[in-house]
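Visitor: Let me begin by handing over the structure; questions about it come next.
Every read-out reported here was derived from the displayed coordinates using simple, explicitly stated rules and does not represent laboratory data. Small disclaimer: the values here were computed from a predicted structure and weren't measured. Cβ atoms come from the backbone with ideal geometry, glycine included; neighbour counts cover every protein chain shown.
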Amino acid sequence: MVESLLSIDGDVSLSTLVHHKEGVVGPILNHKAYSSILTHLFSDYQHLKNWPILSTKVFENFKLPEADLYLVISQGMAHYLKTPKDSKRINYILNPLPLKMKPSWKKLLYSQFASKDKECIQKLDNVVFSSHCLAHQCEFNKDYQVVPAPFVSRDFPVMGEYEKNKEILLFVDSIDKIKLGKIIEDLGTKWQLKVISSEDQIRKVKNLWPHIECFRGMDNHLLYIELLKARLLIDAREVVYPEKALCALSTGVPTLLLDTEVNREYLTEDVSSYFDSLEQLDKRLASYLNESFTYSGQILRRYALRFNERIFKNKILSIMKSFSS
């Protein structure tokens with residue numbers, strides 16, 4: 001997402017809380033990058049989720065370079081930024097902080113931060129959300145626009161051969177959700193199941209089913225390799241937008257997703273199926289994994305490409321031009 005926007009014509013610089021040049025590849029290296037003191041304290045942005053109070057305070061006091069226009073992309077806290085008075089600013093809200101706080105923090109601070117976050121977002125003008133349901137969740141009561149978040153389509157250039165594949169990819173945040181353990185046990189005996197989850201969930205899976213291959217995460221390169229061998233991708237997580245499903249569809253792999261408002265906003269039932277219970281998931285799996293099941297991979301890919309990074313960039317650029325004129 002950031003890379004596509006950095007390719008906009010003009011002198012574009014990047015400001016972020018944490019930036020380690022040695023860990024960055026691609027076009028980002030060709031642009032000036034400004035970061036906060038947290039760069040010296042944290043190895044990556046993900047660790048900041050454990051320090052929400054510190055991170056928001058640093059963002060509130062972040063000194064930005066002068067610019068003609070500020071495009072603030074918030075994947076957690078950037079909307080707390082204070083841009084210079086009377087400056088032009090567009091706010092793209094992808095993933096507010098309370099939605100990504102760890103469970104331990106949610107127990108203590110969720111209600112406090114959710115209230116503060118909504119208050120902060122309500123004060124913003126020129127707001128663009130990644131989905132209508134996110135705008136509703138933030139209880140935003142002013143005019144706004146929606147530009148769906150993209151996936152990096154260039155990382156998923158061709159389709160695999162679905163009919164020959166025996167691999168199933170399962171993204172899960174908790175194996176206890178809707179008793180997913182039963183599904184893992186059943187699929188693990190009949191198919192080449194690969195589970196992608198957090199370290200604590202992987203330990204649970206390995207303790208119960210040592211033969212199942214697990215991953216703490218998958219970057220696009222590894223995901224593409226696995227999708228070329230996959231018959232189905234199941235995502236049982238509550239996500240901000242169905243990025244992994246879009247990657248799968250672009251390679252012609254069918255998807256089964258947890259039934260959430262945002263998933264349905266992005267993907268119609270023409271290209272994906274949904275479940276919200278073990279019984280529903282069982283029923284959908286029986287259909288998808290039946291040898292007589294057929295579908296058009298080309299249709300799946302064409303649908304997914306509606307959310308590619310080039311379209312995202314052009315929509316944001318159009319908003320920027322209308323705002324600057």
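Visitor: Does the stretch 153-306 classify as rounded, prolate or oblate by the C-alpha gyration tensor (a ≥ b ≥ c root eigenvalues; a/c under 1.5 gives rounded; else a/b over b/c gives prolate, otherwise oblate)?
Guide: On the way: a/c = 1.39, a/b = 1.34, b/c = 1.04.
Note, shape of the stretch 153-306 comes out rounded.
Visitor: Let me ask something additional. From the phi of every residue in the stretch 164-177, what ³J(HN,Hα) in whole Hz does the Karplus formula 6.51 cos²θ - 1.76 cosθ + 1.60 yield, where θ is phi - 60° and glycine or proline is x?
Guide: Result, ordered by residue: 8, 8, 10, 9, 10, 9, 10, 9, 8, 9, 7, 6, 7, 4 Hz.
Visitor: Report, in listed order, any pair from Lys63/Lys315; Lys229/Lys313; Lys116/Lys315; Lys116/Lys142 with a Cα-Cα distance greater than 25 Å. Before the final figure, lay out the partial values.
Guide: Details: Lys63/Lys315 28 Å; Lys229/Lys313 31 Å; Lys116/Lys315 29 Å; Lys116/Lys142 17 Å.
Cα-Cα > 25 Å for Lys63/Lys315; Lys229/Lys313; Lys116/Lys315; rest within.
Visitor: Sequence-distant or interchain residues sharing an amide H contact under 5 Å with Glu213, placed H: which?
Guide: Val195
Visitor: In what order do Glu309, Glu66, Glu238 fall by count of nearby beta-carbon atoms within 10 Å, going from fewest to most? Mind dumping the intermediate values first?
Guide: On the way: Glu309 20, Glu66 7, Glu238 12.
So the ranking, lowest neighbour count to highest, is Glu66, Glu238, Glu309.
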